[in-house]
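Below is one structure, written out as structure tokens; comments come after it.
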Amino acid sequence: MDELMGFVLGNSQRERVIQVLGSKGPMSAEKIAKIERITPPAVRKVLQDLDERGLIEESDGIWRLTEKGAELERELRRRP
């Protein structure tokens, strides 16, 4: 989990995407981009990176945290 935490914390956009999915629930890439004010191409890259590491998953255009992603998001919330 430490390696994944480092991966997420190494990029503020990754951290923001994990946090928004954790706090607001499943949503489309477009909605994530709008809420976090990240360009759609940047959001797609972040989503791809997080998906490859098993932290999020997509179904019918809607992204959600996996169990591993939810666990990481809870850890992020505990950090000072």
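The long axis of helix 12-24 is offset from the longest Cα principal axis of the chain by roughly 80 degrees. Computed from backbone phi with θ = phi - 60° and the Karplus coefficients 6.51, -1.76 and 1.60, the 3J(HN,Hα) list for the range 72-79 is 5, 4, 4, 5, 4, 5, 7, 6 Hz; x is used for glycine and proline.
Taking the chain as the reference, fit the longest principal axis to its C-alpha atoms, fit the long axis of helix 40-52 to the helix C-alpha atoms, and give the angle between the two in degrees, 0 to 90, nearest 10. Tilt relative to the chain: about 50 degrees. What a 1.4 Å probe finds exposed on the chain is 44% carbon and sulfur by accessible area, rounded to a whole percent.
In a reduced charge model with +1 at each Lys and Arg Cβ and -1 at each Asp and Glu Cβ, the chain shows a dipole moment near 440 debye about its Cα centre. Per residue, the chain exposes 61 Å² of solvent-accessible protein surface, assessed with a 1.4 angstrom probe and all protein chains in place. One chain, two ends: Ser12 and Lys45. Fully extended at 0.36 nm per residue, the span grows by 10.6 nm beyond their Cα-Cα distance. Per-residue surface analysis assigns Ser12 an accessible area of about 70 Å², computed on protein heavy atoms at 1.4 Å probe radius. log₁₀ I(q)/I(0) of the range 13-66 at q = 0.12, 0.14, 0.16, 0.22 Å⁻¹, via Debye over equal Cα point scatterers, no solvent, to two decimals? One equal scatterer on each Cα of the range 13-66 leads to -0.19, -0.26, -0.35, -0.70.
The values are calculated or read from the model by the stated rules, or taken from the named source; none is laboratory data. Bear in mind that the values here come from a model prediction, so they are computed numbers and not experimental data. Using ideal geometry, Cβ is built from the backbone for each residue, glycine included, and neighbour counts are taken over all protein chains shown. Only protein heavy atoms, including side chains, enter the accessible area calculation; ligands, DNA and RNA are left aside. Shrake-Rupley method; radii C 1.70, N 1.55, O 1.52, S 1.80 Å.
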